[in-house]
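As structure tokens, the structure follows; a few thoughts come after it.
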Ligand code: KG4
Ligand code: ZN
């Protein structure tokens, strides 16, 4: 089956066409991503109102490009998927409403996909990973360790109690006068810095529950920076290196706790899977590899362009859901908040609180 996927939950306007065969193997026929990063960069972060307007302006064109690149007409597809949340509600409304219009006019099924579920299932598109697996999702908005046991069967093992990891990188970059998004800039500076120069905390270290906390680390970094201001180029590099090393150590410790909890509850996972923009960081990839090695499991990291937000992951999650007959009505509401555990699967309906109504962020 062939599915069109639409992603507009944050600052990427994206559309893709993906094919899933009866054996469950996937193929990307097209994947078009338009980043709004330049429109938000001067503000040092995503401005929701600007994002929503930019999605309205770009989406028709991006969908047209994805359909043309896949050499498909709307007639030839089997369903339309859109990210229905969680995310910035203005953008989510643009994408979901567009998907509904395409589904209605062309008499195709609609799949209202959870954006986090799409990140979680990408590894099945790129590597055919079998359930159950342990997912480490780290992006600008989310930091989660999830037991992925089947479609719509997601158990949250750990999460952040304050900032997301990507957000901590972005705030660090902003503090040090580096550009937005901060992750790649901090990583670049860190390569020429001394990670041992500043002693920063490792929040939540050694706790049994695999949760994260990043805000104390960010504050400690700010205090160190203030102590030695004005900052030289080498100071900035050393601060970045010390920060990144603290994050790497925290990920090592927290993920070990996560995989341990997974093993206790569900047995040995088939793989450790990374998703989200933070997985582009080479030092973080190395520590993920280390955790996988320590537990004797495979590490799967989808290609960077599929780790960050894209339409192919939405189309793929839509195709996986469509294959199980999990389609949605045209009056389904967009959701700013939509925890992964509330996503419905083939076995059990979603809890009553998860059905229908839009929620505020
Ligand atoms: O998944 P993503 O593209 O968008 C969402 O937030 O959903 O992730 C973007 C986040 C940003 O916070 C960015 O700073 C971070 O991922 N990021 C990185 C790196 N590349 C992107 N963080 C650390 N190191 C990187 N190389
Ligand atoms: Zn995302």
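The values are calculated or read from the model by the stated rules, or taken from the named source; none is laboratory data. Treat the numbers as computed from the prediction; the structure is a model and nothing was measured. All Cβ positions, glycine included, derive from the backbone under ideal geometry; neighbour counts span all protein chains shown.
Does residue 105 meet the test of being away from ligand 1 (no atom under 12 Å from the Cβ), in contact with a strand residue (DSSP E or B) (Cβ under 9 Å, 6 or more places away or on another chain), at pLDDT 95 or above and not in a loop (DSSP other than H, G, I, E, B)? Give the derivation first.
Working: away from ligand 1 (no atom under 12 Å from the Cβ): yes; in contact with a strand residue (DSSP E or B) (Cβ under 9 Å, 6 or more places away or on another chain): no; at pLDDT 95 or above: yes; not in a loop (DSSP other than H, G, I, E, B): yes.
No; evaluated as a whole, the condition is false for this residue.
Tally the residues that are in a helix (DSSP H, G or I), out of contact with any strand residue (DSSP E or B) (no Cβ under 8 Å at 6 or more places or on another chain) and within 16 Å of ligand 1 (Cβ to nearest atom), restricting the search to the stretch 278-298.
Within the stretch 278-298, residues that are in a helix (DSSP H, G or I), out of contact with any strand residue (DSSP E or B) (no Cβ under 8 Å at 6 or more places or on another chain) and within 16 Å of ligand 1 (Cβ to nearest atom) number 5.
Does residue 85 satisfy the criteria of being in contact with a strand residue (DSSP E or B) (Cβ under 8 Å, 6 or more places away or on another chain) and on the phi > 0 side of the Ramachandran plot?
yes
Which one of these is over 30 Å from residue 216 (Cβ atoms) and away from ligand 2 (no atom under 16 Å from the Cβ): 325, 258, 318, 311?
Testing whether each residue is over 30 Å from residue 216 (Cβ atoms) and away from ligand 2 (no atom under 16 Å from the Cβ) leaves just 325.
Hey, can you tell me all the residues within the stretch 68-102 that are in a helix (DSSP H, G or I) and farther than 30 Å from residue 143 by Cβ?
68, 69, 70, 74, 75, 76, 100, 101, 102
Give me the residue from the stretch 299-322 that is surrounded by fewer than 16 Cβ atoms within 10 Å (Cβ to Cβ) and not in a loop (DSSP other than H, G, I, E, B) and, out of that set, modelled with the highest pLDDT.
Filtering first and then ranking leaves 305.
Quick one: how many residues across the stretch 275-308 are at positive phi and within 15 Å of ligand 2 (Cβ to nearest atom)?
1
If the requirement is being surrounded by fewer than 22 Cβ atoms within 10 Å (Cβ to Cβ), in contact (Cβ under 8 Å) with a residue 40 or more places away in the chain and within 16 Å of ligand 2 (Cβ to nearest atom), which of these qualifies: 98, 126, 122?
When all the criteria are applied, what remains is 126.
Only strands (runs of 3 or more DSSP E) wholly contained in the stretch 1-60 count here; list those with 1 or more residues that are over 16 Å from the mean Cα position of the chain (by Cα) and either within 16 Å of ligand 2 (Cβ to nearest atom) or surrounded by fewer than 17 Cβ atoms within 10 Å (Cβ to Cβ) (or both).
Correct list: 12-20, 26-35.
Out of 98, 73, 8, which single residue is under 20 Å from residue 180 (Cβ atoms), touching a helix residue (DSSP H, G or I) at 6+ places or on another chain (Cβ under 8 Å) and modelled with pLDDT of 95 or more? Give the steps one after another, and end with the answer.
Details: 98 fails: under 20 Å from residue 180 (Cβ atoms); 73 fails: under 20 Å from residue 180 (Cβ atoms).
Matching residue, one of 98, 73, 8: 8.
Search the stretch 139-151 for residues being buried (at least 22 other Cβ atoms within 10 Å of the Cβ) and closer than 24 Å to residue 18 by Cα, and hand back the single one that is farthest from the chain's Cα centre (by Cα).
The qualifying residue farthest from the chain's Cα centre (by Cα) is 151.
When only residues in the stretch 130-160 that are part of a loop (DSSP other than H, G, I, E, B) and under 19 Å from residue 292 (Cβ atoms) count, which is farthest from ligand 2 (Cβ to nearest atom)? Reasoning before the result, please.
Pass one, the stretch 130-160, residues part of a loop (DSSP other than H, G, I, E, B): 130-132, 139-142, 151-152.
Narrowing further to those that are under 19 Å from residue 292 (Cβ atoms): 130-132.
Working: 130: 23, 131: 21, 132: 22 Å.
Of everything passing the filter in the stretch 130-160, 130 is farthest from ligand 2 (Cβ to nearest atom).
Would you tally the residues in the stretch 126-147 being more than 30 Å from residue 171 (Cα to Cα) and away from ligand 1 (no atom under 16 Å from the Cβ)?
Adding up the residues that qualify gives 7.
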